[in-house]
Amino acid sequence: MAGDWNFSVKGKRVLITGGLGGIGSALAEGFVRHGAEVIVTGRARERTPPVGCRYEAVNLAEDEDVEKLAGRTGRIDTLIHCAGQIEREREMLPDAFNSVLDVHLTGALRLANAYRSGLAARGGSIINIASMFSYYGAPHIPAYAAAKAGVVSLTKSLALSFAEEGIRVNAIAPGWIRTPMTDRGRSDPEIRMKVLTRLPKGSDWADPDELCGTAVFLASSASRMITGVTIPVDGGYTAA
Ligand SMILES: NC(=O)c1ccc[n+]([C@@H]2O[C@H](COP(=O)([O-])OP(=O)(O)OC[C@H]3O[C@@H](n4cnc5c(N)ncnc54)[C@H](O)[C@@H]3O)[C@@H](O)[C@H]2O)c1
């Protein structure tokens, strides 16, 4: 019905993988502020979970671990796959290449399969986290870039596969965000300058909280016509 959409995620059950990391914890705090019930996952309890969130340990590279996680958490409305890793300097090696793909890309598939019926029962949606490297080459982290390009493609395929069950599948491609994962890039003057030169004047590395608005929108019924897309939240980086 015209006009019955809204932007609220109040009362929604949201699971965020990598929820102890820089972006994951900011998303968790954002969803809690908007009244959602949030479960964060981490591979190890590397830091205290954001206030108001339930914590679950999981290794996303293990099928069984992910299936057990889905059993423990039960049905959810929104699945945000935000866990990720970089194996700088090692990603040309096939074992490191595979292990990076396993978390970002195969992990996204594992989670989607494990939560499929629960999401269908609640008319839920999935938000994957892509990257600027979904679009650009990365000479030092080729596995990361391949995985993130794969996330864009998998998001489209899952959107088509799951549409009949009423599950929407989208992704967010963050630009340059201040988190532990990018500490090294930010402190390297050459990389820092490369990024700043491409960004429109007035843009800079962003705080992880800047991703919350788009994530809340994609989780809400206001975006009910949107599925299969990846939205860059990049301060204009991909416009150049
Ligand atoms: N920081 C950025 O500028 C940026 C830009 C684009 C995309 N991203 C993406 O955003 C997501 C979050 O990045 P971040 O910067 O917050 O990184 P982060 O390193 O702060 O957090 C990543 C989290 O993933 C978890 N993780 C890694 N391997 C795992 C596994 N096998 N099982 C379970 N959990 C695992 C880690 O424990 C960590 O908490 C990642 O997918 C990353 O690729 C980050």
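Among the residues making up the range 17-47, a single one is free of Cβ contacts under 8 Å to residues at least 24 places away in the same chain and within 13 Å of the ligand (Cβ to nearest atom): A44. Within the range 100-114, one or more residues are open to solvent by 50 Å² or more (accessible area, probe 1.4 Å) and either away from the ligand (no atom under 12 Å from the Cβ) or small (G, A, S) (or both). In the set D234, D207, D183, only one residue is at pLDDT below 95 and within 16 Å of the ligand (Cβ to nearest atom); that residue is D183.
Scanning the range 61-97 for residues that are without any contact (Cβ under 8 Å) to a residue 40 or more places away in the chain, in a helix (DSSP H, G or I) and either more than 10 Å from the ligand (Cβ to nearest atom) or surrounded by fewer than 16 Cβ atoms within 10 Å (Cβ to Cβ) (or both) returns E64, K68, G71, R72, P94, D95.
The values are calculated or read from the model by the stated rules, or taken from the named source; none is laboratory data. All values reported here derive from a predicted model rather than from experimental measurement. Ideal geometry is used to build each Cβ from the backbone, glycine not excepted, and the neighbour counts take in all protein chains shown. For the accessible areas, the whole protein counts, side chains as well, though only heavy atoms, and no ligand, DNA or RNA atoms are used. Shrake-Rupley method; radii C 1.70, N 1.55, O 1.52, S 1.80 Å.
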